[in-house]
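Asks: Here you go, one structure.
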Amino acid sequence: MSDSTEDLTEQTDDAPKTRAESLCPCKSGDSYYLCCMPLHYRKAKATTAEELMRSRYSAYFFRLVDYLVETQHPDTREPGLRKQLEKTVHNLTWRFLTILGTSKGGKDDKVGKVEFVAECFVQGEAHETHECSRFRRYKGDWKYYDDKG
């Protein structure tokens, strides 16, 4: 692990080095340290809608409620979102993410869509979520808008 990896993991007590070195749960093929970890710990910002979507999946995987709330677009952020997530985030164990397609959502776009399938377990029973998420820029940053795409 490089010195910069050690610096980041030292600053984030809840992210052990083994997590940083393991493959990212978003299935990008990169390590968590190189992929979603910098976004989760505000060291980088998503440059595409897909990158934000992947980081949100990983945030669900690691139960990072603050990140999920912060990356929800203010226009669609329900007042009780934080409490709802804190209450439900531990009920699911996320297993796998498959990106089916994207529309717009590039570094120069203002809107984008990402279609995906996310697999999870709820009380030991397998479930699958198929969603076409919409993303919009807010003050220059990508935010999750809704699942009405």
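The values are calculated or read from the model by the stated rules, or taken from the named source; none is laboratory data. Please read these numbers as outputs of a predicted model, since none were measured by experiment. FYI the Cβ positions are ideal-geometry reconstructions off the backbone, even for glycines, and counts take in every protein chain you see.
Asks: Report, by residue number, each residue of segment 72-98 that is surrounded by 12 or more Cβ atoms within 10 Å (Cβ to Cβ), touching a helix residue (DSSP H, G or I) at 6+ places or on another chain (Cβ under 8 Å) and either more than 16 Å from GLU131 (Cβ to Cβ) or in contact (Cβ under 8 Å) with a residue 60 or more places away in the chain (or both).
Replies: Within segment 72-98, GLN72, ARG77, LEU81, ARG82, LEU85, GLU86, VAL89, TRP94, LEU97 meet the criteria.
Asks: So, one more: Please tell me if THR102 is at pLDDT 95 or above, over 19 Å from LEU68 (Cβ atoms), under 14 Å from the mean Cα position of the chain (by Cα) and surrounded by 12 or more Cβ atoms within 10 Å (Cβ to Cβ).
Replies: no
Asks: State the number of residues belonging to segment 57-101 that are in contact with a Phe, Trp or Tyr (Cβ under 8 Å, 6 or more places away or on another chain) and of a type outside the set (Asp, Glu).
Replies: Count: 20.
Asks: In segment 100-110, how many are closer than 18 Å to ASP146 by Cα, without any contact (Cβ under 8 Å) to a residue 60 or more places away in the chain and not hydroxyl-bearing (Ser, Thr, Tyr)?
Replies: 6
Asks: What are the pairs, 6+ residues apart or on separate chains, where a residue within segment 38-51 that is free of Cβ contacts under 8 Å to residues at least 12 places away in the same chain and in a loop (DSSP other than H, G, I, E, B) has its Cβ under 7 Å from a residue that is surrounded by fewer than 22 Cβ atoms within 10 Å (Cβ to Cβ) and among the charged types (D, E, K, R)?
Replies: Final answer for the pair search is none.
Asks: Hey, does segment 118-136 have a residue that's in contact (Cβ under 8 Å) with a residue 24 or more places away in the chain, outside any loop (DSSP other than H, G, I, E, B) and among the basic types (Lys, Arg)?
Replies: Yes - at least one qualifying residue is present in segment 118-136.
Asks: Filtering segment 105-128 down to residues that are surrounded by 15 or more Cβ atoms within 10 Å (Cβ to Cβ) and not acidic (Asp, Glu), which residue is farthest from the chain's Cα centre (by Cα)?
Replies: Residue satisfying both the conditions and the ranking: VAL111.
Asks: Would you check which residues across segment 16-37 are outside any helix (DSSP H, G or I) and over 11 Å from the mean Cα position of the chain (by Cα) and list them?
Replies: PRO16, SER22, LEU23, LYS27, SER28, GLY29, ASP30, SER31, TYR32, TYR33, LEU34
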